[in-house]
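Right, one structure below, let's go through it.
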Amino acid sequence: MNLRSPAGAGMMFVIAATACFAALDTTTKLVGATASVVMVLWFRYTFQALVTGGTLWPRRGMAMFRTRYPRLQAARAVLLVMTSVFAFYSLQVMPLGEFTAIVMLTPLLITLFAGPALGERVTLVSWLAVGGAFAGALLVIRPEGSDFDWALLLPLALVACNAGFQIVTSKLARLDDAGTAHFYTGCIGAAIATVALPLAWHPPGSWAGWGLLLLLGVLGTLGHFLLMLGYRSAAASSLTPWLYFQIAFATLLGWLVFSHTPDALTLLGIGVIAVCGVAGQWFGRRPALAAAR
């Protein structure tokens, strides 16, 4: 692939975005030991609101507040906040690589939701890919009777919320401005966290902890910006397979930062999820959105 072509540039933007998202999850796992989920959410969404507002205001002024679908904007924001909450707690009980592999079920779940929600036809290949990926997820989670840790189901709740967020985003993208949607998501997320902040104010005990909180905002905002550049450069259907690079980045960071090495069955499950995900998008030719958190 020619990296100077639009498709090549789109691929590089998407791969860079997945590296940011893997680093975001790594930072969330690190900061989770010293900061509450409310503080993490407040820093992340306040940073997003300020950066997006500061970018849009010089060009659009008060027009950036205009939306014809406030209920959809609110639903989108609430779903993303729920996704972030489940991600925070999931990362406290799961290694990075395994967590990311489960999260990458989201594009396949979107495929199933697309039928009733967006009026799209779900192909047999898509159904088979979803079934295979779910089998891979079971290899990663590995339920074992009474000894099973139910907290490992948290990533599945995240996947459900994230798929709902992506479906609402897909509908809203056809109806409202993308910059306005990004701004409202940051504002509503920050507002929700602000209400709970007085009850969960546990400041980090070091400057490093504050730095990690700031880094969360930077990585989340930069990752979504790079993803947007990628989808501006090439069709989503051609870029979706590159999203699975996030599993590789997350597994590498899990090894470097937390000294975690997945066992053989876990690696097999991760591989099955990645192969089914890529195959489902490649043969189904259905554009899928990234697993935003």
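Every number here is computed from the coordinates shown, using simple stated rules; none is lab data. Nothing here was measured: the structure is a model prediction, and the numbers come from that model. No Cβ is skipped: glycine too gets one built from the backbone with ideal geometry, and neighbour counts run over all protein chains shown.
Taking the Cα atoms of region 6-284 alone, what are Rg (to one decimal) and Dmax (as a whole number) in Å?
My reading of the Cα-based Rg and Dmax gives 18.5, 58 Å.
Which residues among region 25-42 fall inside the zone where the amide N is under 15 Å from a point 7 Å beyond the Cα of Tyr89, along Cα→Cβ?
The answer is 36-39, 41.
With no solvent and one equal point scatterer placed on each C-alpha of region 7-79, evaluate the Debye formula and give log10 I(q)/I(0) for q = 0.27 Å⁻¹, two decimals.
The Cα Debye sum returns log10 ratios of -1.12.
Please report Thr194, Thr52 as a ranked list, fewest other C-beta atoms within 10 angstrom at the top and most at the bottom.
Listed from fewest to most nearby Cβ atoms, that is Thr194, Thr52.
Tell me, what does the Kirkwood hydrodynamic radius of region 177-271 come to in angstroms if you use every pair of distinct C-alpha atoms?
17.0 Å
Using a simple spin-label model with points 7 Å from Cα along the Cα→Cβ vector, what separation in nm is obtained for Phe258 and Thr194?
Once both label points are built, they end up 3.3 nm from each other.
Taking 7 Å along the Cα-to-C-beta vector as the label spot, tell me the Val218-Ala135 distance in nanometres, rounded to one decimal.
4.4 nm
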